[in-house]
Each structure stands twice: as structure tokens, then as C-alpha cells.
Amino acid sequence: MNTPPITTPSTKITVSKASVFGSYKMMALTSFALLLLAIVGSVVHQPLLIPPIAATAVYIFGMPGIPGTQPRSVVFGHVLSAVVGFGLLALFGHDPWVAALAAGLAGSVMNVVKLFHIPAVATAALVVLLQPNDPIVFLLLLAGASIILSLLGWVASTVTKLIKYPLYW
């Protein structure tokens, strides 16, 4: 028997022209934030623009109202994940299975302390895979990049009124 799919108002998704136009503006803000991080990284001769931070920028400007994009989750999520990565790197060494374990454990730790930030699980894996020479410098740069992105989200919210960010600090 062929039955048609059930549709309800809650399953229907529509996208207005305003939100599509707004998404282009958010892409521009995201690109600006990432370019600024790349420039600052070049000036201080340290990479600030790493893949998890790039994902964080998209997350902040694309979904500013969810708990995982709020500044405390962004900053502490990355820092906690990096600490987990460094800990497992010290215990088990540099290996892809350790990177996978670090990502999973970082997600669990962030969830337990209620500071979950999805892109930060990649930070834990990245620490194991890249083995940064100086953990303190890496943590400071990571925290700095996270703070810069959070501040840029706040500035974008204040200046453009396109997003409301942060909902809380």
C-alpha cells in the first residue's frame, strides 16, 4: 500500500529572502573575522587560524543564539579540549587512535562541565596530531583567538544588529 508522507507545520521548513540575504552578510563577517585572525597570527608569527577556530567563527556568526556559541563555551571549550589533548598526548603519545580518543573524551568533559562547543572536539584531536612544542603558548594563543572571535561577534551584533550576540557571557 502506497501512503503519502505525513507533513505537519512543524516539519515544513521555509527560508525567507531576508534570511538568505542575512546569510551572505554573516559569511562576510565570518570571512572578515578569519582574515583578522590570519593577520594577527602573521604579526605575532604564530598560527591563530587553525581549523577548529575557523569552524568556531562560522558557528558564532551563523548560529549566535545557541548555548555552544556563547563566549564562555567557546573559550573554555577550546581550552579544556586542548588540555585533554595534551594530557592524552603525554600519556599515550602521538597516534591517530589517541587523537580520536582525545576528541571523544574532550566532548565528554565539555558536556560534564556544561561548556560544550562542538568545534572544540577537533582542537583535542589537533593537539595530539600536531604535537605543539609549547603547551602554554598554544593554550594562550587558542584562548586569545577564541576571545577575539567572541569580541568580534559582539561588535558585529552591536554595529550591524544582524545578530544578537552574546546572549550571555
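Scan the range 143-160 and give yes if some residue there is in a helix (DSSP H, G or I), aromatic (F, W, Y) and more than 30 Å from A28 (Cβ to Cβ), otherwise no.
The initial filter retains those residues of the range 143-160 that are in a helix (DSSP H, G or I), namely 143-160.
Next, from what is left, pick out any that are aromatic (F, W, Y): 154.
Checking which are more than 30 Å from A28 (Cβ to Cβ) leaves us with none.
For the range 143-160, residues in a helix (DSSP H, G or I), aromatic (F, W, Y) and more than 30 Å from A28 (Cβ to Cβ): absent.
What's the number of the only condition in (1) modelled with pLDDT of 90 or more; (2) assigned to a loop (DSSP other than H, G, I, E, B); (3) of a type in the set (K, R) that R72 fails to meet?
Evaluating R72 over (1) modelled with pLDDT of 90 or more; (2) assigned to a loop (DSSP other than H, G, I, E, B); (3) of a type in the set (K, R) leaves (2) as the failure.
Test of understanding: among L105, L142, which residue is under 18 Å from the mean Cα position of the chain (by Cα), at negative phi and in contact (Cβ under 8 Å) with a residue 40 or more places away in the chain?
One residue alone meets the criteria, L142.
Would you check which residues across the range 101-131 are touching a Phe, Trp or Tyr at 6+ places or on another chain (Cβ under 8 Å) and part of a helix (DSSP H, G or I) and list them?
Once the filter is applied, which keeps residues that are touching a Phe, Trp or Tyr at 6+ places or on another chain (Cβ under 8 Å) and part of a helix (DSSP H, G or I), the range 101-131 yields L101, G107, M110, V127.
Give me a count of the residues in the range 113-130 that are surrounded by fewer than 19 Cβ atoms within 10 Å (Cβ to Cβ) and either closer than 19 Å to P47 by Cβ or over 18 Å from the mean Cα position of the chain (by Cα) (or both).
2
Return the total of residues in the range 34-91 being among the aliphatic types (A, V, I, L, M), surrounded by fewer than 20 Cβ atoms within 10 Å (Cβ to Cβ) and within 16 Å of I163 (Cβ to Cβ).
Of the residues in that region, 3 qualify.
The values are calculated or read from the model by the stated rules, or taken from the named source; none is laboratory data. None of the values given here were measured: they were computed from a predicted structure. Backbone-built Cβ (ideal geometry, glycine too); neighbour counts: all protein chains shown.
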